[in-house]
Each structure stands twice: as C-alpha cells, then as structure tokens.
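The values are calculated or read from the model by the stated rules, or taken from the named source; none is laboratory data. Keep in mind it's a predicted model, so treat the numbers as computed, not measured. FYI the Cβ positions are ideal-geometry reconstructions off the backbone, even for glycines, and counts take in every protein chain you see. Accessible surface is based on the protein model in full, side chains and every heavy atom, while ligands, DNA and RNA are left aside. Shrake-Rupley method; radii C 1.70, N 1.55, O 1.52, S 1.80 Å.
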Amino acid sequence: MSENRWDAQSYAHNARFVSDLGMPVVEWLNPQEAESILDLGCGDGALTAKLAAMGVDITGIDHSQSMVDAAGKLGLSVLRADMHNFALERHFDAVFTNAVLHWTRDIDAVVACVALHLKSDSRFVGEFGGFGNVAAVVTAMRAAIQLEGAEDGGFSWYYPSPNEFRAVLARHGFEAIRVELIPRPTHAPTGMLGWLNTFGVPFVAHLDAKTQQRIIARAVELLSGSLRDHEGNWTVDYVRLRFHAVLGTGEQA
Ligand code: BEZ
C-alpha cells in the first residue's frame, strides 16, 4: 500500500473506532511506568497518547507523513518509517502494534525488524486482522470488480490463522507465544460507503476514479443484505488476531 494514501483527517472521521477499540490489546501489553515501548504503525497517535499517559517512554513509527504530523501535534515522539525496514539504533522493552500488520506485504521482514529492536527477554504484543477478517467485504469487492468487467488488481490483506502466525513468530526467535482469534463484529459509524472509501481503495486503486466509485457502490449494494440492519446500521465482520510473545535470549544482547 502506498504510504501516503492515509489522510489523518478522513481516517479520524471514518475509522476512529480502530484506536477506540484498542484497549483489550493494551491490557495484554500491560505497560509499566517508564518502560521503553515502540508503537509500530502508530497512526495519528490516538492509542500512543494513551500509553504516554500511563507513564510509558513511548516512540511511534508510521509510514504516512500525514499520520506522523497528526501524532506530532499531540506532542508524541514519532518518526516516519516503513515497518518492513526500519533502523532506530536502540532497543525497547516492548514493541506494540494495533491494526497494522494486515497491511504487510512481507511479514517475515516486519517480524525480523521487530526482533532487532527488542532487548532479550522482552515482548512483542499486538492485534490485527486474523483469518476470516472482513471476509464478506473482501468477497463483495471481488464480485463487484468482476461484475464491472474490470481487471482484478490482486490486492489482498494478510489474515493468517493462529498457527500460521505462531510459526512466523517462532521463526524469528519468539517464545512463550500466545495467539487468539477473536470474532468482533464492529459498527461502522459512517456506514459501508465510509468504510470502503477509507479501507477498500487498494482493491481498485489501479482503475480510474469513476470505475472505482461504481465498484464501491456495487459492493455496498451487495453487502446491504447481510451487514446492514433494518435501521440502516452497518456492522462489519471483523475477526482479530491478538498475540503476546517474548523474544528468546539468543536474538539480542
Ligand atoms: C482491520 O483492522 O481489521 C482492518 C482495517 C482496515 C482494513 C481491513 C481490516
């Protein structure tokens, strides 16, 4: 995904629930005062600020300049960096991530980079889309592209099963791995159109603007029978993969 696609203002309008629903994974992180923690893909810093308020020595990285600017305005220490390839020249007590890893194009590159930034015996804790996440939405977008007679650009999110992700963590020296798949039907406050205009664009980014809008409108129509209730409220079929893992002593001095 292009790093500059994210606009902090429209994200806050259509997707504030992403950080609002992040507290259960913060509980798994169990942050302690003065611990050094890296927030991987901190976005506009809404959840990062909550960690800062708990007394954590928090650093955020994000690939979008718009998000980095928004987080900087909250007084947070944030840098622009790619999760696949970052080098901060320091080691943290924990790396935390919320709703970011499903955007990866190479999970091994990300987890290897995380391991390089952790002290030995320290933890990697996070949550992202797991196996089956937004399955109805993905199917509707693919169907709408076909019905339009347009080319499928081949975009997909990374939604591993717990076993698949456990194996990734183990490959990079993580131990004591806990992984849970958690269905979490989620209200979309600006409806399916708002959701798809924020998150669905990578499926159609290779097409012209009018075709994109026709496909998104068709997907909304296809989904209305299953994800919209009789009062017009939309509920998206989210499934979270939540994890906690500790870096073994072999990886980092
Ligand atoms: C998620 O948090 O699961 C998600 C976010 C954006 C697009 C798809 C899924």
Report summary line: Ratio for the stretch 69-149, C-alpha Rg to 2.2 N^0.38 Å, reads 1.45
**Report entry** Taking all pairs of distinct alpha-carbon atoms in the stretch 10-156, Kirkwood radius in angstrom
**Finding:** 16.4
Query raised in the report: What FRET efficiency do you get for LYS119 and TRP28 if R0 is 22 Å and r is their Cβ-Cβ distance, rounded to the nearest 0.05?
Result: 0.70
Requested in this report: Report Rg/Rh for the stretch 205-253, rounded to two decimals, where Rg is the Cα radius of gyration and Rh the Kirkwood radius.
Outcome: 1.36
Query raised in the report: What whole-number value in Å² describes the accessible area per residue of the chain for a 1.4 Å probe?
Result: 45
Report summary line: For LYS73, counting only lysines whose alpha-carbon sits under 25 Å away and dropping same-chain residues fewer than eight positions off, the answer is LYS50
Query - Among GLY43, GLY232, GLY132, residue whose mean-square fluctuation peaks in a GNM of the chain (springs only between Cα atoms under 10 Å) - result: GLY232
Query - Inter-probe distance in nm under a simple model that places probes 7 Å from Cα toward Cβ, at ARG142 and ILE182 - result: 2.8
Query - Angstrom value of the Kirkwood radius, inverse mean 1/r, which spans all Cα pairs in the stretch 3-247 - result: 18.7
Report summary line: In this structure, the FRET efficiency calculated for ARG80 and ALA167 from their beta-carbon separation, with R0 = 51 Å, to the nearest 0.05, is 0.95
